[in-house]
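The block underneath contains the structure these notes are about, expressed in C-alpha cells.
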Amino acid sequence: MDKMHKSCYLMMRVLLLPVLLVLSLNIQQVMAFEGDYVWEARFKTSLAKARSGHQVKDQYAVGDMYMRGRGTAKNAAKALYWFLLAAKQGHRKAAYKAGYLYLYSSGLPTGASPKQAFPWMRKAALAGYAPAQYELGRLFFSGKVIKRSEPQALKWLGRAKAANYAPARKAFDQMVKRLVKTQTVFIDQNRAAK
C-alpha cells in the first residue's frame, strides 16, 4: 500500500505541475491587463483635470505618466510640457523632474538643452526637495552645465545629506575626502617649494 501511495503522489505531482503553471501564467496576464486598464483610467481622469489648468497635482501626475509610460505611451516632450506647467505653479517635484528631463532625456523639443535644467533644479532645491539638492550639488561639482563651484556643490550636497537622502550622504563624504586630499597635496607642494 505504501508503494501505491507513493506512485499516486508522484503521478499527481507530474499531472498537477503543468496545470498549475498554465494557471499562474493566465493569472499574471489578467493582472497585467487589469493594471494597464487602471493606469489608462487614471491617465484619462488626470488629463481631464490637468487641462482645466487648476489642478497642479494632476498636471504633475500627467507628466509623470508620460515620463514612465503608465496609462499612455512614453513621451518625454509631453512629460516636460506638463511638468513645466506644474513647476511654474510651485510644484517642487515637477520642477525637479523638468530639470531631470532637460539633463538626461532624449526626445525633447528642438532647442532643449541641459543648461535649461539649472533654474528648475534650483527652484526645487530651494523648495527643500532633497533629490533636487543632490542633483544641484552634482551640477556645481561637475561644471558641465553651470560654472564649477566646490563650495556650492558642498552646500547643496550637504543640504541633501541633512535631509537624509542616501545618495547625497555618499557623494558628500566622497567630495569632502577628495577636497581634503587635494588640499593636503597643495600644502605639501607649497612646503616643498619653500
Two pseudo-spin positions, 7 Å from Cα along C-beta at Val38 and at Arg51, lie apart in nanometres by 2.5 nm
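Gly107: net charge of surrounding residues, Cβ under 10 Å, Lys/Arg +1, Asp/Glu -1, itself excluded?
+2
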Assuming 0.36 nm per residue, please report the length gained on full extension of the stretch Ser106 to Val180 beyond their Cα-Cα distance. 22.9 nm
Added length on full extension, which subtracts the Cα-Cα distance from 0.36 nm per residue, Lys147 to Ala162: 3.0 nm
Could you size up the charge dipole of the range 49-193 around its Cα centre, putting +1 on the beta carbon of Lys and Arg and -1 on that of Asp and Glu, and report it in debye to the nearest 20? 120 debye
Return the sequence-ordered ³J(HN,Hα) values of the range 138-154 in whole Hz as given by the Karplus equation 6.51 cos²θ - 1.76 cosθ + 1.60 applied to θ = phi - 60°, using x for Gly and Pro. 5, 4, 5, 6, 6, x, 7, 9, 10, 4, 4, 8, 5, x, 5, 4, 5
Could you calculate the contour length gain from Lys88 to Lys74, that is, 0.36 nm times the residue separation minus the distance between their Cα atoms, to one decimal place in nm? 2.8 nm
Within-11-Å neighbourhood charge of Tyr134 [Cβ basis; K, R +1; D, E -1]: +4
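Taken together, the values in this text are just the output of simple stated rules run on the coordinates, not laboratory data. On a predicted model such as this, the values are computed, not experimentally measured, just so you know. All Cβ positions, even for glycine, are placed from backbone atoms using ideal geometry, and neighbour counts span all protein chains on display.
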